[in-house]
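The values are calculated or read from the model by the stated rules, or taken from the named source; none is laboratory data. Quick caveat: nothing in here was measured; it's all calculated off a predicted structure. Every residue, glycine as well, gets a Cβ built from its backbone with ideal geometry; the counts of neighbours run over all protein chains shown.
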Amino acid sequence: MTTERIASPPAVSPACATCSMANLANLRKLGINMEDADYVVALAGNPNVGKSTVFNAVTGLRQHTGNWPGKTVGRAEGGFEYAGRRYKIVDLPGTYSLLSTSLDEEIARNFILFGRPDVTVVVADATRLERNLNLVLQVLEITDRAVVCVNLIDEARRLGLTVDERRLARDLGVPVVLTAARQGEGIPQLLQMIDEVATGKFVCRPRRLQNEPPALKQAVATLTAQLTAAYPGLPNARWVALRLLDGDERMVQALRSGELLELAQAGPTSGPAQPMLQLEAAQ
Amino acid sequence: MSTPTTPAVNDILKTAESLRWQVGGAFHENLMEALYTEAAQIADRAVARPDKPPRFDLDRTLDHILTSRRWGFPVMLALLAIVFWITISGANVPSSLLSQLLLDTIHPFLKSLAAAIGLPWWLSGFLLDGVYLATAWVVSVMLPPMAIFFPLFTLLEDFGYLPRVAFNLDNTFRRVGAHGKQALTMSMGFGCNAAGVVATRIIDSPRERLIAIITNNFSLCNGRWPTQILIASIFIGALAPAPLAGLVSALGVMVIALLGVFLAFAVSWGLSRTVLRGEVSTFHLELPPYRPPRILQTIYTSLIDRTLIVLWRAVTFAAPAGAVIWLSANLVIGGASVAEHLIRFLDPFGLLIGLNGVILVAYIVAIPANEIVIPTVLMLTTLMIGATDVGAGAGVMFELESEADVLALLQAGGWTLLTAVNLMLFSLIHNPCSTTIYTIYKETGSKKWTAVAALLPVAMGFTVTFLVAQIWRLIAGILAG
């Protein structure tokens with residue numbers, strides 16, 4: 001009984017679950033061939049939750065994986081084709097938050113913010129969901145288009161944990177897929193949800209932080225209003241406000257240099273892949 | 001769409017500044033707390049836990065042993081010794097099979113083929129005795145140990161042992177003023193120093209990152225393992241009776257590897273007390289769950305991704321190096337070949353530090369890749385002792401089927417146990433390969449620090465080998481007299 005593979009249907013999809021299984025036939029692993037990508041997918045998550053394993057599963061590449069946090073320090077890129085649409089997927093360094101200053105966190109944060117991916121997949125460890133949700137919530141502050149991939153579900157099962165992905169999806173406002181990427185379980189559903197969010201078939205209503213103290217809430221609201229007035233169409237004004245209040249030098253710089261302006265002018269919907277800013281090399 | 005002007009930007013920044021004052025210093029903490037609370041609530045609703053925790057927690061039990069104060073280090077050393085021992089004793093047989101095939105069978109066949117189609121002697125010498133032999137030698141020496149060592153190392157990595165090593169070493173790193181994550185970058189360096197240098201990106205503080213970059217070279221890399229393993233098997237293993245030879249050679253290699261770790265600590269300590277002074281930063285290290293390694297997949301990927309890639313790199317450097325050595329051995333100026341001139345010139349200095357001119361020339365030739373040190377040494381030694389009576393011409397490696405043959409050759413070239421020990425030491429302590437130097441430059445963006453990282457180890461290597469040679473000779477003198 002325990003060896004039975006549980007093909008959990010995509011959480012919020014109204015479509016029949018069996019279709020997604022059939023959809024694996026729609027996957028073509030493109031390896032490092034990512035020319036003319038229609039959409040860009042970012043792969044974020046805590047260290048050592050299996051981002052590179054997910055990356056390898058969909059691209060057919062063999063990015064080196066290892067059981068230790070901090071393995072991926074640069075960003076690896078690859079491609080896949082799903083249902084006739086070409087995707088470029090970027091494996092970001094694992095980070096516990098997006099609020100601090102080390103180089104690997106900055107690479108991840110800058111890519112999600114300024115690289116404007118069409119979908120950000122946040123990979124989370126099912127056995128450590130609470131800590132992983134910190135990052136999920138931070139990512140949802142930045143972007144509207146996200147899919148949460150609760151990975152290592154096989155390990156969670158081994159520990160006797162069950163994860164209610166429908167409940168989680170309702171709370172977070174974005175699709176949630178349970179996967180065991182090492183075994184390939186759940187990858188078809190993940191691909192389908194990425195596709196639905198990228199093409200706009202699924203519209204995310206991501207949860208925003210609600211628990212902050214009143215004084216903080218007030219300050220964020222004021223600054224957000226001012227930012228929205230100056231930059232109409234800025235997709236993540238609230239997050240920019242949070243960073244400015246935190247005294248983030250990188251954000252102040254983005255404001256001064258006009259980087260934020262470009263972001264605002266691109267508008268909230270990015271559609272086909274935009275040229276990405278080269279933000280990788282920090283000194 | 002309106003374009004915000006500089007005044008608008010300044011306005012926003014001013015508002016942010018004043019609001020930050022109003023909210024007070026605890027902004028970051030408040031935000032984090034809100035995040036944590038929210039995450040806890042959501043996770044609580046979504047995750048159902050078993051009523052009673054499992055009675056036996058394997059992960060915790062393992063961690064209890066692997067990271068314990070008493071057993072952590074002994075287990076670490078034992079694992080290291082076992083890995084080396086398996087590598088050394090397992091590599092012997094396939095190594096000699098490969099060299100029989102590539103050097104004894106294919107090379108004479110190619111030579112006779114060349115003679116049959118009337119290839120001029122210089123062309124067949126250049127191609128077959130230079131390019132082919134160097135490449136074949138690299139393959140037969142390097143492939144078997146790498147094909148055993150990498151999968152073993154990757155299995156440990158896959159299992160989740162590396163973070164435990166970092167955990168064990170964290171305290172020591174902190175005491176020498178370095179970052180605990182340096183243990184991870186150091187482990188990466190055991191595979192490849194260039195990769196280790198890139199891995200230092202996980203260290204946030206620039207000061208500690210520089211320390212990690214400069215000291216990464218003290219992790220023995222791919223290119224240097226074969227040198228250590230071969231020299232240890234020939235000279236150190238020979239000191240022990242035959243049944244123990246493998247174990248003794250493994251211990252010899254382990255001592256050198258541990259000396260590297262010790263030097264990494266010592267140099268980190270020195271740097272953090274002098275030019276790179278500063279606070280030690282704290283960090284979270286998550287000990288990931290142990291995962292049963294996928295053995296077949298690991299063996300496959302580490303063979304394809306690591307072994308073959310490293311081997312290919314060695315071959316691409318060995319082929320031109322073989323050509324250069326053959327040319328330098330056959331270009332005669334004033335009665336002696338170019339190589340002989342160079343070796344004679346470096347010999348006095350080499351002997352002073354317990355090495356010889358051949359080894360120093362080999363290290364100059366091997367700046368692009370450490371992998372070709374041993375083949376170069378063998379070719380040049382052959383040249384110097386004039387062992388050309390096998391009719392192969394100058395600068396040709398004759399067929400070395402067994403370690404005994406290599407030993408005989410090297411002894412004819414004036415090698416002693418001191419030469420072997422100092423070669424192992426110098427192989428550990430010398431400049432990083434050119435790829436690593438370039439990576440250091442890219443990562444630090446500083447010519448000054450790149451120069452420090454490149455030159456400091458060479459200076460240290462000369463000092464250490466010089467001291468060892470003097471003390472060795474002193475003791476030998478006392479014992480003899």
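Does residue B:137 satisfy the condition of being assigned to a helix (DSSP H, G or I) and within 28 Å of residue B:182 (Cα to Cα)?
no
Quick one: which residue in A:49, A:119 is closer than 15 Å to residue A:139 by Cβ, modelled with pLDDT of 70 or more and within 14 Å of chain B (Cβ to nearest Cβ)?
Values: A:119 fails: within 14 Å of chain B (Cβ to nearest Cβ).
Exactly one residue qualifies, and that residue is A:49.
When the residues of the range A:136-193 are filtered to those that are among the small types (Gly, Ala, Ser) and touching a residue at least 40 places away in the same chain (Cβ under 8 Å), which remaining residue is nearest to the other protein chains (Cβ to nearest Cβ)?
Looking only at the range A:136-193, we keep the residues that are among the small types (Gly, Ala, Ser), and these are A:146, A:156, A:160, A:169, A:173, A:180-181, A:184, A:186.
Imposing the further condition that a residue be touching a residue at least 40 places away in the same chain (Cβ under 8 Å) reduces the set to A:146, A:169, A:181, A:184, A:186.
Details: A:146: 14, A:169: 9, A:181: 12, A:184: 12, A:186: 16 Å.
Per the stated criteria, the residue is A:169.
Report, ordered by the first and then the second residue, all pairs with beta carbons closer than 9 Å, sequence separation of six or more or different chains, a first member in the range B:442-464 that is farther than 20 Å from residue B:349 by Cβ and in contact (Cβ under 8 Å) with a residue 12 or more places away in the chain, and a second member that is of a type in the set (A, V, I, L, M) and outside any helix (DSSP H, G or I).
B:452/B:275
Could you check how many residues of the range B:176-195 are within 11 Å of chain A (Cβ to nearest Cβ) and not in a loop (DSSP other than H, G, I, E, B)?
Total satisfying the criteria: 7.
Does any residue of the range A:247-262 turn out to be facing chain B (nearest Cβ under 7 Å), closer than 21 Å to residue A:138 by Cβ and exposed (fewer than 15 other Cβ atoms within 10 Å of the Cβ)?
The answer is yes; a qualifying residue exists.
Restricting attention to the range B:196-218, which residues are among the hydrophobic types (A, V, I, L, M, F, W, C) and within 10 Å of chain A (Cβ to nearest Cβ)?
Listed by number, the residues that qualify are B:198, B:199, B:202, B:203.
Return the pairs, sorted by first residue and then second, in which the second residue is modelled with pLDDT under 85, the first residue lies in the range B:115-142 and is aromatic (Phe, Trp, Tyr), the beta carbons are less than 6 Å apart, and the residues are 6+ apart or on different chains.
From the range B:115-142, the pairs are B:126/B:326; B:137/B:375.
Inspect the range A:228-241 for any residue being surrounded by 20 or more Cβ atoms within 10 Å (Cβ to Cβ), part of a loop (DSSP other than H, G, I, E, B), more than 11 Å from chain B (Cβ to nearest Cβ) and modelled with pLDDT of 85 or more and give the result as yes or no.
Checking the range A:228-241: not a single residue is surrounded by 20 or more Cβ atoms within 10 Å (Cβ to Cβ), part of a loop (DSSP other than H, G, I, E, B), more than 11 Å from chain B (Cβ to nearest Cβ) and modelled with pLDDT of 85 or more.
I'd like the full set of residues that are under 12 Å from residue A:247 (Cα atoms) and within 7 Å of chain A (Cβ to nearest Cβ), limited to the range B:24-48.
Correct list: B:27, B:28.
I'd like the residue in the range B:345-391 that is part of a loop (DSSP other than H, G, I, E, B) and modelled with pLDDT of 85 or more and, out of all such residues, is farthest from residue B:457 (Cα to Cα).
In this case the residue turns out to be B:356.
Within the range B:109-134, how many residues turn out to be under 23 Å from residue B:372 (Cα atoms), loosely packed, with under 12 Cβ neighbours inside 10 Å and of a type in the set (Val, Ile, Thr)?
Number of matching residues: 0.
Across the range A:202-215, which residue is nearest to the chain's Cα centre (by Cα) among those that are facing chain B (nearest Cβ under 7 Å) and under 14 Å from residue A:239 (Cβ atoms)?
A:209
Within 22 Å of residue B:455 (Cα to Cα) and free of Cβ contacts under 8 Å to residues at least 40 places away in the same chain: which single residue out of B:200, B:185 fits that description?
After applying the criteria, what remains is B:185.
When residues of the range B:431-474 are filtered for being surrounded by 15 or more Cβ atoms within 10 Å (Cβ to Cβ) and more than 30 Å from residue A:104 (Cα to Cα), how many remain?
The number of residues fulfilling the criteria is 10.
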